[in-house]
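Before any comments, here is the structure.
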2 protein chains.
Amino acid sequence: MKEVVIGIDIGGSYTKYGIVDFKGNCLRENFISTSKYADFDVYFDTLQTEIEETLSQINDPIKIMGIGIGAPNGNYYRGTIENAPNLNWKGTIALVDKMKEYYPGLPIKLTNDANAAALGEMIYGGAKGMKDFIVITLGTGLGSGIVVDGNIVYGNDGFAGELGHINVKHRGRECGCGKRGCLETYVSASGIRRTVFKLLAEKVTDTELRNYSFKDLTSKMITEAAKKGDPIALEAFEITGRILGVKLADAVACTSPETIFLFGGLAQAGEILLEPTRIYMEENLFPIYRGKVKLERSHLQETNVAVLGASALIWKELQS
Amino acid sequence: MKEVVIGIDIGGSYTKYGIVDFKGNCLRENFISTSKYADFDVYFDTLQTEIEETLSQINDPIKIMGIGIGAPNGNYYRGTIENAPNLNWKGTIALVDKMKEYYPGLPIKLTNDANAAALGEMIYGGAKGMKDFIVITLGTGLGSGIVVDGNIVYGNDGFAGELGHINVKHRGRECGCGKRGCLETYVSASGIRRTVFKLLAEKVTDTELRNYSFKDLTSKMITEAAKKGDPIALEAFEITGRILGVKLADAVACTSPETIFLFGGLAQAGEILLEPTRIYMEENLFPIYRGKVKLERSHLQETNVAVLGASALIWKELQS
């Protein structure tokens, strides 16, 4: 009987789920829309029915060991999604309690997507056997999962590890959270786009990036341009790496990780982003830490990492 | 038979030690010079002899449960003092191994002074029963002890929790660590003195603080002046609280503590420092944390807290 976990990743647009074994093999995976369901109960019934349908397609005998869920503003302690800005359902959603009605007796755990990514790295990826590391997810925003002594840092309220909202600049760029100058307004797929537009305003340098509207420009286009030597794209990566490097140096002074893993769309730029980040991080580290902290891309495939990470929540739980 | 711990606080000038029970009562305490011993072995022999002498003065029967030591750059994992800038002995000192030769079989633990202060707060002070909190020590420099899920964060190399060296300003004030713009160059007893001198240079405001040389001015004088309404002193505290508040907001985004305790000379200014710090921290917090994090002065007496903290290292060890 193969032991498996149901991993569920709730995103603003889609909810992906997969049936995952301990090695990170995804036996089956599928998705439903998240955004089209205004009502949480209707969404939940659909998701539950679809998962059952997917499970029924597996021919080999399986034993479900638990359900791990990653969701924006997912609270590990309370099993709730709380005031997630990108989801239709406002206030506090008691997701784990609801899930337990359908799967009584099973371990069911919820955390946010960046913590799930860190758990995925720990169970299946480059952080196997590591006690202290940080995963930074560079998507539309910047998320972080901080691991100390082998465990995710949840903190007093279950919401620890929000490095995307540490303060870069007083009265800096407006952030979706309501503050200004947050790290993710500079360092993320949308942050680097803002940096490119600032450079386009300031400079007269010729660049293909002048051909795109703000809405059309993607971080992938900026990465492609940088690879071809476009000066504005390269400068944008330099600035992004500088800001990220300084802030990672500060994060090191908090928890002294062995490795920092970068994950997500913008991290696909590879050394174009990693090299300046590494240089500025090292330069701004308290000397006692210098030369000790590795900066790497995530060892996980981008495709289904969120589902894998969500499933890792249960494997991690069963380990301890 | 009364169970006691020997707590030792190694400072640049003096080494203080005490015989401490579980409630934090100091049965005996004493000190020797640190700075006058150029040779570590001579220092150590003196310390050991003096401790024995002090133990012999206790009439009631006692049982020594262990020895806890706080020292600058004390490494918990390795039991070493490594390249401490304020001590005579350079390189790596294997203090715990040395101590074990004299007290075989006893638990002997070493950490840095700020971690010891955090443990003191946990065992004897305001953090009893708290799982997640931070202690900031505001002495000549700024130290920090970060507690996550009931344990000090030591990190990968045993040197985690150096918030004094996170980056405030690019090319900012020169720091003793060799970097520039570190938090402790702004927020500490010496940091606020630098801030006062900057204000004296910039402004024509009349203030008694113009009567002192840089060497003579102390943070206590600045505190006294602020209490009497001196505008430069008050502005210096406002600036100090603003910088500290923003950086504490960032620290909260890392580990989400329940309470942040301020300790040490500068913290004795009380609300003159706490009020601006609280306002700027709250303003710069990611909204999810707002209204949840308390900022307080340490609940411990200043007098022998370092010795108490060092002893707490052993009580904490025996608890787990």
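The values are calculated or read from the model by the stated rules, or taken from the named source; none is laboratory data. All figures in this text were calculated on a predicted structure; none of them were measured in a lab. Note that we place each Cβ from the backbone using ideal geometry, even for glycine, and neighbour counts take in every protein chain shown.
Return the residue satisfying two criteria in turn: it lies in the range A:66-104 and is β-branched (V, I, T) and away from every other protein chain (no Cβ under 14 Å), and of such residues it is surrounded by the most Cβ atoms within 10 Å (Cβ to Cβ). Filtering first and then ranking leaves A:I69.
Yes or no, residue by residue, for (1) farther than 19 Å from B:V96 by Cα; (2) aliphatic (A, V, I, L, M); (3) outside the structural domain of B:G158 (by TED's automatic domain parsing):
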{"residue": "B:K23", "(1), (2), (3)": "yes, no, yes"}
{"residue": "B:Q48", "(1), (2), (3)": "no, no, yes"}
{"residue": "B:I58", "(1), (2), (3)": "yes, yes, yes"}
{"residue": "B:I62", "(1), (2), (3)": "yes, yes, yes"}
{"residue": "B:P72", "(1), (2), (3)": "no, no, yes"}
{"residue": "B:Y77", "(1), (2), (3)": "no, no, yes"}
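Looking at the structure I just gave you, is A:A160 assigned to a loop (DSSP other than H, G, I, E, B), within 21 Å of A:Q301 (Cβ to Cβ), in contact with a helix residue (DSSP H, G or I) (Cβ under 7 Å, 6 or more places away or on another chain) and within 14 Å of chain B (Cβ to nearest Cβ)? In short, no. Each residue in the range B:205-229 was checked for being basic (K, R) and either buried (at least 20 other Cβ atoms within 10 Å of the Cβ) or within 27 Å of the chain's Cα centre (by Cα) (or both), and 3 pass. Has the range B:93-100 got at least one residue that is more than 29 Å from B:M1 (Cα to Cα) and either among the charged types (D, E, K, R) or in the same structural domain as B:Y17 (by TED's automatic domain parsing) (or both)? So far as the range B:93-100 goes, yes, one or more of its residues are more than 29 Å from B:M1 (Cα to Cα) and either among the charged types (D, E, K, R) or in the same structural domain as B:Y17 (by TED's automatic domain parsing) (or both). Consider the range A:1-38 and keep the residues that are part of a loop (DSSP other than H, G, I, E, B) and within 17 Å of the chain's Cα centre (by Cα). The one that is nearest to A:N304 (Cα to Cα) is A:G11. B:G172: farther than 28 Å from B:T111 by Cβ and either of a type in the set (S, T, Y) or in a loop (DSSP other than H, G, I, E, B) (or both), yes or no? Against the criterion (farther than 28 Å from B:T111 by Cβ and either of a type in the set (S, T, Y) or in a loop (DSSP other than H, G, I, E, B) (or both)), B:G172 qualifies.
When residues in the range B:202-229 are screened for being free of Cβ contacts under 8 Å to residues at least 12 places away in the same chain, farther than 22 Å from B:T140 by Cβ and not β-branched (V, I, T), 6 of them pass. Only one of the numbered conditions (1) at the interface with chain B (Cβ under 10 Å from one of its Cβ atoms); (2) within 18 Å of A:G74 (Cβ to Cβ); (3) not hydrophobic (A, V, I, L, M, F, W, C) is not met by A:D132, and that is (2). Scan the range B:258-300 for residues that are at pLDDT 95 or above and part of a strand (DSSP E or B) and the total you get is 8.
Let's see how each residue does on (1) among the hydrophobic types (A, V, I, L, M, F, W, C); (2) without any contact (Cβ under 8 Å) to a residue 60 or more places away in the chain:
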| position | (1), (2) |
| --- | --- |
| B:E271 | no, yes |
| B:M281 | yes, yes |
| B:I288 | yes, yes |
| B:R297 | no, yes |
| B:E302 | no, yes |
| B:V305 | yes, no |
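Determine whether B:D157 is modelled with pLDDT under 95 and within 16 Å of B:V307 (Cα to Cα). Here the answer is no, as B:D157 does not meet what is asked. Residues considered: A:V147, A:V168. Of these, the only one that is more than 19 Å from the chain's Cα centre (by Cα) and assigned by TED's automatic domain parsing to the domain that holds A:T277 is A:V168.
For the structure I just gave you, tell me whether B:A233 is in the same structural domain as B:I136 (by TED's automatic domain parsing), surrounded by 18 or more Cβ atoms within 10 Å (Cβ to Cβ) and without any contact (Cβ under 8 Å) to a residue 24 or more places away in the chain. The answer is no for B:A233.
Does B:I239 count as under 27 Å from B:A114 (Cα atoms), buried (at least 16 other Cβ atoms within 10 Å of the Cβ) and within 14 Å of chain A (Cβ to nearest Cβ)? So B:I239 fits the description; yes.
Of the residues that sit in the range A:278-313 and are polar (S, T, N, Q) and over 14 Å from the mean Cα position of the chain (by Cα), which one is farthest from A:I19 (Cα to Cα)? Step by step, filter the range A:278-313, then rank; the result is A:N284.
Filtered by the rule that a residue be closer than 13 Å to B:L285 by Cβ and assigned to a loop (DSSP other than H, G, I, E, B), the range A:182-204 gives no residues.
For B:E258, state whether it is out of contact with any strand residue (DSSP E or B) (no Cβ under 7 Å at 6 or more places or on another chain), touching a residue at least 12 places away in the same chain (Cβ under 8 Å) and not hydroxyl-bearing (S, T, Y). Spell out the reasoning first.
Working: out of contact with any strand residue (DSSP E or B) (no Cβ under 7 Å at 6 or more places or on another chain): no; touching a residue at least 12 places away in the same chain (Cβ under 8 Å): yes; not hydroxyl-bearing (S, T, Y): yes.
Criteria not met by B:E258.
So which of A:V307, A:V246, A:V293 ends up being assigned by TED's automatic domain parsing to the domain that holds A:M65, among the β-branched types (V, I, T) and buried (at least 20 other Cβ atoms within 10 Å of the Cβ)? Can you show your working first?
On the way: A:V246 fails: assigned by TED's automatic domain parsing to the domain that holds A:M65; A:V293 fails: assigned by TED's automatic domain parsing to the domain that holds A:M65.
The unique qualifying residue is A:V307.
With the requirement that a residue be farther than 21 Å from A:L234 by Cβ and either surrounded by fewer than 18 Cβ atoms within 10 Å (Cβ to Cβ) or outside the structural domain of A:A233 (by TED's automatic domain parsing) (or both), what does the range A:178-202 give you? Of everything in the range A:178-202, those that are farther than 21 Å from A:L234 by Cβ and either surrounded by fewer than 18 Cβ atoms within 10 Å (Cβ to Cβ) or outside the structural domain of A:A233 (by TED's automatic domain parsing) (or both) turn out to be A:G178, A:R180.
Would the range B:244-257 turn up any residue that is aliphatic (A, V, I, L, M), within 14 Å of another protein chain (Cβ to nearest Cβ), closer than 19 Å to B:L163 by Cβ and outside any helix (DSSP H, G or I)?
Narrowing the range B:244-257 to residues aliphatic (A, V, I, L, M): B:244, B:246, B:248-249, B:251-253.
This time we only want the ones that are within 14 Å of another protein chain (Cβ to nearest Cβ), so: B:244, B:246, B:248-249, B:251-253.
In the following step, the residues that additionally are closer than 19 Å to B:L163 by Cβ were identified as B:244, B:246, B:248-249, B:251-253.
Adding the requirement that they be outside any helix (DSSP H, G or I) leaves none.
Looking through the range B:244-257, none of the residues is aliphatic (A, V, I, L, M), within 14 Å of another protein chain (Cβ to nearest Cβ), closer than 19 Å to B:L163 by Cβ and outside any helix (DSSP H, G or I).
If the condition is being away from chain A (no Cβ under 14 Å) and under 14 Å from B:G7 (Cα atoms), then the range B:105-120 contributes B:L106, B:P107, B:I108, B:K109, B:L110, B:D113, B:A116, B:A117, B:L119, B:G120.
Tell me yes or no: at least one residue of the range A:86-105 is under 19 Å from the mean Cα position of the chain (by Cα) and small (G, A, S).
no
Restricting attention to the range A:39-61, the residues that are outside any helix (DSSP H, G or I) and more than 26 Å from the chain's Cα centre (by Cα) total 5.
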